[in-house]
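The values are calculated or read from the model by the stated rules, or taken from the named source; none is laboratory data. Just so we're clear, the structure is a prediction, and the values are computed from it rather than from any experiment. So basically every Cβ, Gly included, is an ideal-geometry build from the backbone, and we count neighbours across all protein chains shown.
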Amino acid sequence: MSTTSIRAPSLLCEWYNSLMPRTALFEWEGREYDHAPKSADWYWALGIVATAAAVASVLFSNYLLAILVIVAASAIALHAAKQPPLHHFRLVERGLFIGDELHPFERMISFSVLEDIEGELPPLLSIKNETWLSPHLVIPLEGIDADAVYAYFLQYVNESEHSHTFADLVAAWLGF
């Protein structure tokens, strides 16, 4: 047996161990948003607005827009009816796990802890990162010491002021 074949498995084990997370420093669960059940009136209003927009689109001979409005209204109605999934969060030495997906500190641009002035809502951890698919993460810090998470993040990621995005405001206005 050559020395390279003996050495290769040990290098592979070292590489694998470097990727594996150590023990979780903080662990908690939370939902993406608070589910507010919609009334029948809400669905009727959505249907009336969508129908009016689709009819107006057809009157202006914009059939593609009419189809898009109907599909969008259907997607909004389906999304409003479902319960948000429960996510498992783990803060480890190298970053933050959301489920099985690692968000390493190296890809994070900045963070902020958003707190409700009235104290009715749990604090939120807002993270801006370099990924194209999810450039802004908002994570509830319910049932965990937000100050300890803040102090740990401050060691690895720059803090900056984060405000709610336009999409967050529209979602809140729609009741999501």
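Restricting attention to segment 116-146, report how many residues are free of Cβ contacts under 8 Å to residues at least 24 places away in the same chain and part of a strand (DSSP E or B).
1
Here is a yes/no grid of residues against (1) loosely packed, with under 13 Cβ neighbours inside 10 Å; (2) modelled with pLDDT of 95 or more:
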residue: 26; (1), (2): no, no
residue: 38; (1), (2): no, no
residue: 47; (1), (2): no, yes
residue: 52; (1), (2): yes, yes
residue: 55; (1), (2): yes, yes
residue: 61; (1), (2): yes, yes
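Pull up segment 116-129, narrow it to residues that are modelled with pLDDT of 85 or more and over 15 Å from residue 147 (Cα atoms), then point me to the one that is surrounded by the fewest Cβ atoms within 10 Å (Cβ to Cβ).
First pass over segment 116-129, keeping only residues modelled with pLDDT of 85 or more: 123-129.
Of the ones still in play, those that are also over 15 Å from residue 147 (Cα atoms) are 127-129.
Numbers: 127: 23, 128: 17, 129: 21.
That would be 128.
Please enumerate the residues belonging to segment 67-96 that are of a type in the set (A, V, I, L, M, F, W, C), touching a residue at least 40 places away in the same chain (Cβ under 8 Å) and either in contact with a helix residue (DSSP H, G or I) (Cβ under 7 Å, 6 or more places away or on another chain) or in a helix (DSSP H, G or I) (or both).
76, 80, 81, 91, listed by residue number.
Go over the candidates 170, 149, 113 one by one and state the one that is part of a helix (DSSP H, G or I) and buried (at least 17 other Cβ atoms within 10 Å of the Cβ). Let's see the steps before the verdict.
Values: 170 fails: buried (at least 17 other Cβ atoms within 10 Å of the Cβ); 113 fails: part of a helix (DSSP H, G or I).
Of the residues listed, the single one that is part of a helix (DSSP H, G or I) and buried (at least 17 other Cβ atoms within 10 Å of the Cβ) is 149.
Residues checked against (1) of a type in the set (Ser, Thr, Tyr); (2) surrounded by fewer than 17 Cβ atoms within 10 Å (Cβ to Cβ); (3) farther than 20 Å from residue 33 by Cβ:
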position: 92; (1), (2), (3): no, no, yes
position: 106; (1), (2), (3): no, yes, yes
position: 109; (1), (2), (3): no, yes, yes
position: 133; (1), (2), (3): no, yes, no
position: 154; (1), (2), (3): no, yes, yes
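So which residues in segment 152-167 are assigned to a helix (DSSP H, G or I) and farther than 30 Å from residue 72 by Cα?
Hits for segment 152-167 are 152, 153, 154, 155, 156.
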